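Presented below is the structure to which this report refers.
The values are calculated or read from the model by the stated rules, or taken from the named source; none is laboratory data. Just so we're clear, the structure is a prediction, and the values are computed from it rather than from any experiment. FYI the Cβ positions are ideal-geometry reconstructions off the backbone, even for glycines, and counts take in every protein chain you see. Calculation scope for accessible area: heavy atoms of the full protein, side chains included, ligands and nucleic acids excluded. Shrake-Rupley method; radii C 1.70, N 1.55, O 1.52, S 1.80 Å.
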Amino acid sequence: MERPAVEFEMREVLHASGREAAVAAASPGARDRARLPQADVESAIFEECESFEQASAKLSGNSQSSFDLSRAGFILRRSFKVCCVTFVVSVFFVAVFGWPQGLIDDANFKPSLMSCLFFIGLLLVVLEDHIGVNKSAIMLMVSASMWTFLAVGYHPHENRKGHDELDHQLKHGLQDVGAIILFLLPAMGVVESIDHFDGFAVVTVTISKLTRGRRELLMPILGTLCFFMSAVIDNLTATIVCLKLLRHSVGNDRHLRHRIGGLIVMAANAGGAWSPIGDVTTTMLWLSDKITVTKTISWLFLPSLVVMALPLIGLSWEARREARARDAVALRVSSWEESLVEVSLPQVTRGKVAVLATGVSCILMVPVLKMATGLPPYLGMLLALGVLWFVTDTLAFKNFAKPKPTEHGSSLTCSTPGTPAPPLGHGEAAGSLSVVDALHKMDLTGLLFFAGVLLAVGALDTAGVLERYAELLVSWCGGSPILICTLLGVSSAVVDNVPLVQAAINMFGASTPTDDPLWQLVALAAGSGGSILSVGSIAGVTLMTMEGVGYLWYCRRISGWATLGFAAGLVVYQAELLMFT
């Protein structure tokens with residue numbers, strides 16, 4: 001074969017297989033010259049091969065090895081998924097058919113099986129992107145299998161006592177799950193309604209004026225806002241509101257949104273730890289007379305602030321380092337895009353201000369009703385959604401929110417990017433929107449994932465797994481409050497912190513006085529330790545649901561800073577004890 005013909009066929013191979021594949025097929029010397037122009041690379045490969053047949057064989061071998069690796073990975077993922085799902089389904093059918101009876105009635109085997117099922121579910125959630133199964137489907141299957149196995153163990157059809165005990169356990173578990181779901185559903189509805197009416201345009205314009213195009217300032221602004229907001233309202237609502245604001249402020253930069261979203265999770269959990277109404281575990285301690293309002297705020301505010309501030313500094317440093325690593329062209333393009341965002345800021349109208357003010361007032365009404373009347377938060381949030389819905393449906397509000405005509409007779413209908421403009425019509429429907437439209441945009445798969453996780457944790461609690469684990473922590477730590485609370489905080493990153501805190505109250509409640517350092521450490525550790533993993537807190541699961549953040553991405557980018565902030569908060573609290581006691 002003549003050299004021109006060989007060169008032509010080499011170029012065809014390079015065109016078909018890609019330059020990287022061709023260079024990879026060549027010797028290390030040719031790979032080192034990968035930065036040369038393509039013609040020089042082709043020449044280098046040609047010179048190092050005795051004939052075109054050798055180069056073609058190398059390219060074919062490289063493609064075959066890549067194909068074999070891809071096929072092996074596919075087989076491994078498929079086998080893992082089939083094995084895990086087969087195990088879960090097998091447990092379900094063992095419970096349904098009631099055989100073998102010895103395993104079902106074995107009190108020592110049941111907690112181990114529940115723990116195994118739960119961690120299989122978590123593992124499948126972690127590998128969701130690799131196995132191709134939605135995490136909501138996984139947790140619903142796992143939680144249903146766990147409860148089915150537990151239900152059969154009570155033998156409800158054989159004796160009345162077993163039926164009553166199962167009914168009691170189901171009511172206890174469903175009460176906790178239902179309270180959270182009934183709170184989350186209207187909370188998301190209120191926030192989605194404010195967004196649908198473009199009420200967040202007011203905050204978006206304010207943040208844009210404060211940052212002046214400098215996106216690195218979004219981290220401290222949103223982090224501080226979420227930290228204090230979660231202390232006044234609950235950390236779940238604060239997370240939803242701040243993630244909505246983040247989406248409006250950042251736009252389509254998903255990497256930056258995910259990073260700031262991780263900070264919002266840490267700020268929400270830290271902010272809820274120093275307020276008796278901010279986090280459910282702190283509220284439990286407060287209602288059980290283990291802590292008081294004044295001493296909780298005075299002792300836990302600074303450690304909670306450190307839990308949020310240290311990751312804020314670290315993530316901001318990482319963001320600035322990545323910004324400096326960009327080349328000049330990327331910086332110019334970024335500046336040009338940011339200038340376009342500033343030009344396209346939404347128009348602030350009195351209707352948008354009214355919706356935002358009404359929605360925020362309804363949200364703030366929830367903790368007020370809870371403290372004044374003892375009304376459960378989910379009923380307060382349902383009332384908040386009803387009030388916002390009623391107000392926005394009235395004719396007076398629609399006339400008030402109708403855009404004013406301009407000099408040319410048209411209306412100002414500029415809205416935040418991504419928010420649909422109001423439809424045109426006649427009479428009462430002119431220029432109006434509805435809460436019904438906002439509710440249609442809500443993501444119900446996230447609610448189902450919540451339900452699955454909470455039901456699975458409830459099954460662990462019913463099987464006695466969490467209580468045994470809490471007792472094991474005490475035996476490991478030898479009664480040391482700082483060690484107990486440290487392990488309690490780390491454990492809350494994997495399982496729900498509510499049963500762990502309840503177990504601590506049951507074990508130490510009679511012997512430990514009110515406002516003892518143990519209770520304050522429990523509040524700090526249980527509240528902030530859940531930020532270590534994305535599935536460790538409701539705020540983290542909300543981030544996964546609303547922003548699509550993956551478990552592995554969170555572990556790589558956020559978990560390290562969350563762990564560092566958690567440890568620093570405990571150190572600061574210990575320093576306070578040494579200085580002021």
In the neighbourhood of Lys81 defined by beta carbon distances under 15 Å, the net charge of the other residues (Lys, Arg +1; Asp, Glu -1) is +1
With a ≥ b ≥ c from the Cα gyration tensor eigenvalues, square-rooted, and the rule rounded for a/c under 1.5, otherwise prolate when a/b > b/c and oblate otherwise, the range 119-159 is prolate
Under the rule rounded for a/c under 1.5, else prolate if a/b exceeds b/c, else oblate, using alpha carbon gyration tensor axes a ≥ b ≥ c, the range 430-581 is classed as prolate
Ranked output for segments 271-284, 524-537, 118-131, 160-173 by mean other Cβ atoms within 10 Å, highest leading, reads 524-537, 271-284, 118-131, 160-173
For the range 424-581, the percent of accessible surface on carbon and sulfur atoms (probe 1.4 angstrom, ligands and nucleic acids excluded) is 66 percent
Row for the range 159-247, column shape: gyration tensor on C-alpha, a ≥ b ≥ c, rounded if a/c < 1.5 i.e. under 1.5, prolate if a/b over b/c, else oblate; value prolate
Taking every other residue with Cβ under 12 Å from the Cβ of Gly261 and scoring Lys and Arg +1, Asp and Glu -1, one gets +4
So the carbon and sulfur contribution to the accessible area of the range 187-295, 1.4 Å probe, in percent, is 60 percent
Along the range 110-118, Karplus-curve 3J(HN,Hα) (6.51, -1.76, 1.60; θ = phi - 60°) to the nearest Hz, with x for Gly and Pro, reads 4, x, 5, 5, 4, 5, 5, 4, 5
